[in-house]
Amino acid sequence: MMKFRFRRQGNDPHREKIKQDLFAFSKTVEHGFPNQPSALAYDPKRQLLAIGTKSGAMKIYGAPGVEMTGLHKDTAAVTQIHFLYGQGRILSLLDDNTIHLWEIVQRENRSHLVEVHSFNLPGRPGIESTRVVVNLLFVMLFTCLVIPLFSVPEEYKCGKSLGPVESLQEHPQDSDKILIGYSRGLVVLWDLNSRHVVNLFLGKQQLESLVWERSGNSFVSSHSDGGYMVWAVSSSNPCTHDPISSTVPYGPFPCKAVNKILWRTTESGAPLVLFSGGMPRASYGDRHCLTILQDSNHVTLDFTSRVIDFFTIHCTDKDKEFDDPSALVVLLEEELIVIDLQMAGWPTVPAPYLAPLHSSAITCSCHISNVLPKLWERVISAGQQQPAAVSSNWPICGGKNLASDPKQKELLLTGHEDGTVRFWDASGVSLKPLYKLSTANIFQTDCDHNDSLTQAGEEEWPPFRKVGCFDPYSDDPRLGIQKISVCKYSGKLVVAGTAGQVIVMVLSDEKSDHMIDVATVDLLQDREGFTWKGHDRLPPKSGSVVFAPGFQPVVLVQCMPPAAVTAVTLHAEWNLIAFGTSHGFGLFDYHRRSPVLARCTLHPNDSLAMEGPLSRVKSLKKSLRQSFRRIRKSRVSGKKRAVQEANAQLAEHDAEVTPVQRRIEPRSADDSLSGVVRCLCFADTFLRDGTHHGPTMWAGTNSGSVYAYALDVPSQEKFSEQSVEALLGKEIQLMHRAPVVSIAVLDGRGNPLPEPYEVSRDLAKAPDMQGSHSVLIASEEQFKVFMLPKVSAKTKFKLTAHEGCRVRKVALSNFTSVSSEEYSENALVCLTNLGDIHMFSVPALRPQVRYDCIRKEDISGIASCVFTKTGQGFYLISPSEYERFSLSARVITEPLCRVDISRISLTVSLLGQKKKVTMLVILSGLLDEMRSALSSPVLDSPNSSADITLDTTGELTVEDVKDFLMTVDEAENNFRNITEEDGRPPGILIN
């Protein structure tokens, strides 16, 4: 049944213009590591890195701030990426048998990644086993892969074919020669001009990959037995049976296959050998490893996620004699690792972007705008003193960042499941890690990362070295960070966890060795009939603890029962913290180390709150009882229903259609977890009377209750002598008992109150204490403004009744006009359970704009959203990526970069070339039946990072190849048709 409201007034053109200058929605940049990467490529000339994902995303990275993103129309996995050397063009192959050509184009003096063409290739799309050979570099005829079978020994034949092709490699010095590797170990050196076999190499192990030595006098093959072989290429010996050397680095026991190998020459003499896989199958077959060998130096990089691909950054100038690699870039399933190959010990290079946000699962986040320079420098200094990767220049530095330096510094804090808080530089496009704070060392747990085991392992064989920071497992889930509150003016931080721990920290520039004061607050207040069935508290360490420079704990407040903390806030000027759980809320004076207040909010029937988040015990009887109570209370008497229907019929006779409201049923007072504290806030306002203002604390619960306490806070000179006292001033019960999401106090002008220390340090205007203050209470169903101190309703907006959605996140943000810096407005920003964002004027609560932001099915994205005070926001689009968006027409953080490209002309005529078709891209679909268990092939050349590989379960026969062969005339006609249809020259052909 619907209720009718007053008619809406017409739009004011002047107001609409103001809104256009204030508000504009745009998704600007994706921070973090791409979710489910599947392909990797590198352009050494432009110094650009490309990553493709299983969802069809294409991401290009250069110097910090140089980022470009493209998305294929279909959400198919990207299996291969290849740069066209130095041209700013990228080819991508998808698992749906389509190949796409991308270009970096210049628009409005900025570079963008644009898809310009796509092709459908032969095969059966949509299945994992489909593979299509894409030969990206070889100048060859379509008939070049037909190898005479009479010259091959019988043991290398598969019926009428030579078996699956595993690798194709162009000769480094002679582009007319190609190395073809077959699965059974046969390797053929093929001449493209004369179209005949130059050399045959008869290996005795199943082949995995090939790589040329720089001079072209030898090549290296890796095999399924965990070994690799070095072969000499000699014109005097057309058929080679034995390699120069054969090595199984981790033998003699059975080993896993060496999936890919690189061989790089160095001026020092000893070549650098890098390969993935090859681990002893029985002992370390489950490890994800990459080995680096050079002379007597041997390191086995041990990763925590699967190796997708890797390449080296080395000299590609053909006039140079040696490769001299400077860096190794490894793309893992969960992070990107860069190893400095020129420094002793091959240390890790810290990444300025692509940081794995999900190194431990993100549990909460907090954004700090306009960070003071002093605090910024202290945080950076603390991060630089932490034992981390050796500082080195980032080797991927293509393009130019055109964005100006940010006017203000921004911090994004993320809380994690392992008890860490990570500080990120969110001022620009690149989300750079600054500092990592761990709370695990405060408690007695088993989650200390096994340093002793790591040191012992260094003396064992293989010589493992743990690399990377991705660690998805937490030894103790009670360490998880649930809430964060920061005072950017005093350098104080409060973090609260899953086991009821609330830790007050102070930023220190010096190392410290001290004991932590521990205080316990009983939120049940000896209430009878409740027994905690959840997890135990985390026992703190006894004695002094050593803390590195940075945020150091001074007080640990333990809530009892040890339930997860659901709300926390800090007022550094009053030396107070407030915290809440599913049982109640407390107030603590951390200067005197004494509790001030503890209030239990449990309902007598709220037994579910006693089970804890880690307990799976739930009473079926109680659940059924509550269901029947809801049904009983939702029934409306026949008399009331008749009155409502009559009112609706009368309203229908109105000439104009007015907006409708949904009927909202009140919630039961004894719903489960009704006592959960959802929000807390401090405010200096009028609560006792209209003439005297003072400190207050506000708390809102899941049952729609709001508690307001008047606080008696002594002056700073008497903090040590007098204690803080709290007196309940007001108690508000919302009519429908909807959970209270947020509480904010507004001054006489309707502006939010400034933060602690802002006014005393002349960093903000003093609030208006002459006019009447008001409190804005946001529940899941509506927003309501009450006048203080009488707590009389002034205005409200029923969001659920009007829009049919519920409030999930709320923030007060300031929006500055693009037309004038002098004009700005405060607005209430609301994210709903449907993923849309509504903005309202403050304090009038008039709707301003509405935007679709997050898919309503993306529950984790909605739950992770955090707003900034300048009209921006972040939410998780995957466990490892934040999507950044802007609601402000003025404040926008987006990539502004340029990559200078000097392309050669693509207008090439094929007419008259009857003997030979000179092509940069040859698309040859060779088989329908393909093998599924192999990883994506990528080409090892200056344009890409790994092998071009063809994997099949069937047999390659001459008849199969002939189905896809064409004459020069046919090729000529096909490309002429493509040109005529598209009205543009074929973008894949050159002379």
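The values are calculated or read from the model by the stated rules, or taken from the named source; none is laboratory data. Quick caveat, the model's predicted, so the values are computed rather than measured. Neighbour counts are summed over all protein chains in view; Cβ atoms, including those assigned to glycine, are modelled from backbone coordinates with ideal geometry. In case anyone asks, the SASA skips ligands and DNA or RNA and just uses the protein heavy atoms, side chains included. Shrake-Rupley method; radii C 1.70, N 1.55, O 1.52, S 1.80 Å.
Structure data summary
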item	result
Residue under evaluation residue 61, criteria (1) under 25 Å from residue 94 (Cβ atoms); (2) among the hydroxyl-bearing types (Ser, Thr, Tyr); (3) touching a Ser or Thr at 6+ places or on another chain (Cβ under 9 Å), criterion not met	(3)
Candidate set: the range 222-234, residues that are outside any strand (DSSP E or B), open to solvent by 20 Å² or more (accessible area, probe 1.4 Å) and of a type in the set (Gly, Ala, Ser); chosen: the one nearest to residue 265 (Cα to Cα)	234
Within the range 750-796, tally of residues that are touching a helix residue (DSSP H, G or I) at 6+ places or on another chain (Cβ under 8 Å) and hydrophobic (A, V, I, L, M, F, W, C)	1
Strands (runs of 3 or more DSSP E) wholly inside the range 547-608 containing at least 2 residues that are under 30 Å from residue 378 (Cβ atoms) and in contact with a helix residue (DSSP H, G or I) (Cβ under 7 Å, 6 or more places away or on another chain)	550-560
Which numbered condition residue 922 misses (of (1) at pLDDT below 50; (2) surrounded by 21 or more Cβ atoms within 10 Å (Cβ to Cβ); (3) in contact with a strand residue (DSSP E or B) (Cβ under 6 Å, 6 or more places away or on another chain))	(2)
Checking residue 507 against (1) modelled with pLDDT of 95 or more; (2) of a type in the set (A, V, I, L, M); (3) open to solvent by 20 Å² or more (accessible area, probe 1.4 Å), the condition it does not meet	(3)
Yes/no for residue 365 being open to solvent by 20 Å² or more (accessible area, probe 1.4 Å) and touching a helix residue (DSSP H, G or I) at 6+ places or on another chain (Cβ under 9 Å)	yes
Considering residues of the range 808-831 that are assigned to a loop (DSSP other than H, G, I, E, B) and open to solvent by less than 50 Å² (accessible area, probe 1.4 Å) only, the residue modelled with the lowest pLDDT	820
In the range 375-405, residue surrounded by the most Cβ atoms within 10 Å (Cβ to Cβ) [restricted to those that are free of Cβ contacts under 8 Å to residues at least 24 places away in the same chain and under 20 Å from residue 111 (Cα atoms)]	404
Only listed residue being under 24 Å from residue 12 (Cβ atoms) and either open to solvent by less than 30 Å² (accessible area, probe 1.4 Å) or modelled with pLDDT of 95 or more (or both), chosen from 788, 845, 834	845
Every residue from the range 867-895 that is modelled with pLDDT of 95 or more and of a type in the set (Asp, Glu)	881, 883
Residues within the range 28-54 that are surrounded by fewer than 20 Cβ atoms within 10 Å (Cβ to Cβ) and on the phi > 0 side of the Ramachandran plot, tallied	2
Tally of residues being under 23 Å from residue 567 (Cα atoms) and either in the same structural domain as residue 856 (by the TED database) or not in a strand (DSSP E or B) (or both) across the range 779-806	4
The range 188-221, subset outside any strand (DSSP E or B) and over 16 Å from residue 238 (Cα atoms), residue least open to solvent (accessible area, probe 1.4 Å)	192
Candidate set: the range 70-120, residues that are polar (S, T, N, Q) and open to solvent by 20 Å² or more (accessible area, probe 1.4 Å); chosen: the one farthest from residue 898 (Cα to Cα)	120
Members of the range 852-884 found to be closer than 18 Å to residue 807 by Cβ and open to solvent by less than 40 Å² (accessible area, probe 1.4 Å), listed by number	853, 854, 858, 861, 862, 864, 865, 866, 867, 873, 875
